[in-house]
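Below is one structure, written out as structure tokens; the observations come after it.
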Amino acid sequence: MLIRTPALHEPRTSDITPRSAYLNRREALAGLGLAAASPLALAQSASGGGKLAKLPGAHSAVAGAMVMDKLTSYADASSYNNFYEFGTDKADPASHAHTLKTRPWTVSVEGECAKPGRYDIDALLKLSAMEERIYRLRCVEGWSMVIPWVGYSLAELLKKAEPTSKAKYVEFTSLADKSQMPGVRSGVLDWPYIEGLRIDEAMHPLAMLVFGMYGEVLPNQNGAPLRLAVPWKYGFKSAKSIVRIRFVEKEPLSSWTKAAQQEYGFYSNVNPNVSHPRWSQAGERRIGEDGLFAKKRPTLMFNGYEAQVGQLYAGMDLKKNY
Ligand code: MTE
């Protein structure tokens, strides 16, 4: 997020695992009857990852869940992060997030629902079948990545709570523990990190509860043990290391809106036609692929997921509801 301009770290093209190579290996494995051995882990080992516990997921059948863009390398996806609880530089989360303890971990589901509950992370891992989905992630700062996430639709968990008719929005709260998260001692944001979605957005099958990436459990810096991936919105809507999910009647006040209301609205849908007050959102730089001086690639409406989610915003003024 831009409170100040970060020095852009631009990984080399050679760091990327071409998607064709990844798919070929997958097909070769399937031919050998080894598809369950998480071919993503191979893509990852090609780029130097592969050290965390395996978490394979079946190919997702959700429309739009598998984009055909080239994958970002594991090395880039796990070293160029925004996770302000661990510092504001892109390299800070990878350097400092080892202090985060991801067990025991519970998530409370509460508010306007008939069946609130506290879920242990290991119960959440078993709540629904794990799927692998390749999503674009577009950061509001103007860069993007393509990441193979592992998890399932957020709706699977939300439905279990039986939200009432008063549940118009869903609020997500991240852990804020000074003893584990050095950045929480700073005043850069008003902790804990809070985000929100309208209930129909949260229930959309593309809104994903994520436990892993590249066939493994999430590295801490990417939001272990569980986070959101809401691919048609700017990356900051996808809260990391979630401890509370609350159904509410009023629009939640997210941390970024609280910090700079003119710059970060509630909806934050990726939209090349609505500029951030300080920069255009018409183009983006794909991390690892587009060099610092390369022409930016055009940003797509709703990050390319318009066919799936455009209907959620029919009739809304997207300049006003930015
Ligand atoms: N969640 C928390 N709790 N704290 C954060 O600072 N940063 C957000 C989002 N979720 C953030 C967060 C932003 S700005 C982005 S772009 C994405 O996480 C980055 O996710 P990634 O590091 O896995 O690419």
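The values are calculated or read from the model by the stated rules, or taken from the named source; none is laboratory data. The model shown is predicted, which means the values in this text are computed figures rather than measured ones. Quick reminder, even Gly has a Cβ in these numbers, built from the backbone with ideal geometry, and neighbours come from all protein chains shown.
Among the residues that make up segment 269-291, is at least one of them within 19 Å of W149 (Cβ to Cβ), among the aromatic types (F, W, Y) and at pLDDT 95 or above? Within segment 269-291, not a single residue is within 19 Å of W149 (Cβ to Cβ), among the aromatic types (F, W, Y) and at pLDDT 95 or above.
How about segment 225-251: which of its residues are within 11 Å of the ligand (Cβ to nearest atom) and not hydrophobic (A, V, I, L, M, F, W, C)? Steps first, please.
Quick first cut of segment 225-251, residues within 11 Å of the ligand (Cβ to nearest atom) only: 227-230, 233-243.
Once the filter is applied, which keeps residues that are within 11 Å of the ligand (Cβ to nearest atom) and not hydrophobic (A, V, I, L, M, F, W, C), segment 225-251 yields R227, K233, Y234, G235, K237, S238, K240, S241.
Within this structure, A260 passes the test of being out of contact with any Leu (no Cβ under 7 Å at 6 or more places or on another chain), within 19 Å of G87 (Cα to Cα) and more than 8 Å from the ligand (Cβ to nearest atom). Answer yes or no as to whether V243 is in a helix (DSSP H, G or I), under 30 Å from K115 (Cα atoms) and of a type outside the set (S, T, Y). No; evaluated as a whole, the condition is false for this residue. In summary, strands (runs of 3 or more DSSP E) completely within segment 184-236 and bearing 1 or more residues that are under 10 Å from the mean Cα position of the chain (by Cα) occur at 208-213, 227-229.
For segment 20-34, the criterion of being under 16 Å from P148 (Cα atoms), modelled with pLDDT under 95, within 16 Å of the ligand (Cβ to nearest atom) and not hydrophobic (A, V, I, L, M, F, W, C) is satisfied by no residue at all.
When the residues of segment 210-224 are filtered to those that are crowded, with 24+ Cβ neighbours inside 10 Å and closer than 29 Å to T164 by Cβ, the one that is farthest from the ligand (Cβ to nearest atom) is V210.
May I ask you to say which residue of K115, K159 is farther than 25 Å from M301 by Cβ, basic (K, R) and in a helix (DSSP H, G or I)?
K159
Applying the criterion of being in contact with a strand residue (DSSP E or B) (Cβ under 8 Å, 6 or more places away or on another chain) and closer than 18 Å to Q261 by Cβ to the residues of segment 154-196, the residue that is nearest to the ligand (Cβ to nearest atom) is Y193.
Identify, please: which residue in segment 121-136 is among the hydrophobic types (A, V, I, L, M, F, W, C) and touching a strand residue (DSSP E or B) at 6+ places or on another chain (Cβ under 8 Å) and is, among those, farthest from V243 (Cα to Cα)? Walk me through it before giving the result.
The first filter runs over segment 121-136 and keeps only residues among the hydrophobic types (A, V, I, L, M, F, W, C), leaving 121, 123-125, 127, 129-130, 134.
Subsequent filtering for residues that are touching a strand residue (DSSP E or B) at 6+ places or on another chain (Cβ under 8 Å) retains 121, 124-125, 127, 129-130, 134.
Details: I121: 10, L124: 12, L125: 14, L127: 16, A129: 21, M130: 20, I134: 25 Å.
Among residues in segment 121-136 that are among the hydrophobic types (A, V, I, L, M, F, W, C) and touching a strand residue (DSSP E or B) at 6+ places or on another chain (Cβ under 8 Å), the one farthest from V243 (Cα to Cα) is I134.
Regarding A176, is this residue of a type outside the set (K, R), farther than 18 Å from G265 by Cα and assigned to a loop (DSSP other than H, G, I, E, B)? Talk me through it step by step, then tell me what you get.
On the way: of a type outside the set (K, R): yes; farther than 18 Å from G265 by Cα: yes; assigned to a loop (DSSP other than H, G, I, E, B): yes.
So A176 passes the test.
Do we find a residue being within 20 Å of V188 (Cβ to Cβ), buried (at least 17 other Cβ atoms within 10 Å of the Cβ) and in contact with a Phe, Trp or Tyr (Cβ under 7 Å, 6 or more places away or on another chain) anywhere in segment 266-281? Within segment 266-281, one or more residues are within 20 Å of V188 (Cβ to Cβ), buried (at least 17 other Cβ atoms within 10 Å of the Cβ) and in contact with a Phe, Trp or Tyr (Cβ under 7 Å, 6 or more places away or on another chain).
With the structure loaded, tell me whether R133 is closer than 30 Å to T164 by Cβ and out of contact with any Asp or Glu (no Cβ under 7 Å at 6 or more places or on another chain) or whether it fails that test. Against the criterion (closer than 30 Å to T164 by Cβ and out of contact with any Asp or Glu (no Cβ under 7 Å at 6 or more places or on another chain)), R133 qualifies.
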